[in-house]
1. Just to be sure I understand the model, the point goes 7 Å from the Cα along the line to the Cβ. What's the resulting Arg50 to Glu13 distance in nm?
2. When Lys and Arg each count +1 and Asp and Glu each count -1, what net charge do the other residues less than 15 Å away from Ala26, Cβ to Cβ, add up to?
Amino acid sequence: MAEQPTSGPLDAETLAAYLDGRLSPAERAVVEAEVAAHADLYEWLVSTMRRARTARLASWPRSISCPHRT
């Protein structure tokens, strides 16, 4: 698992808010500019997003029954 990089002015809370979609458009622009300027931050962010997506998919039920189906 990739460690959160220390380059740039972004803290863990700001990055978490970015991943959760809780930032304003102006705040998102700041994060995206920092990500574009720091390769290690980009790699960490991509890795974190992939792990989050995998975890969400793993938590879905294997079979879903539709109550309206006969």
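Values in this text are rule-based calculations from the coordinates and carry no lab data. Keep in mind the model is a prediction, meaning the values are calculated, not measured. Counting neighbours? That spans all protein chains shown, and the Cβs are built from the backbone with ideal geometry, glycine included.
1. 3.0 nm
2. Residues near Ala26 contribute -1 overall.
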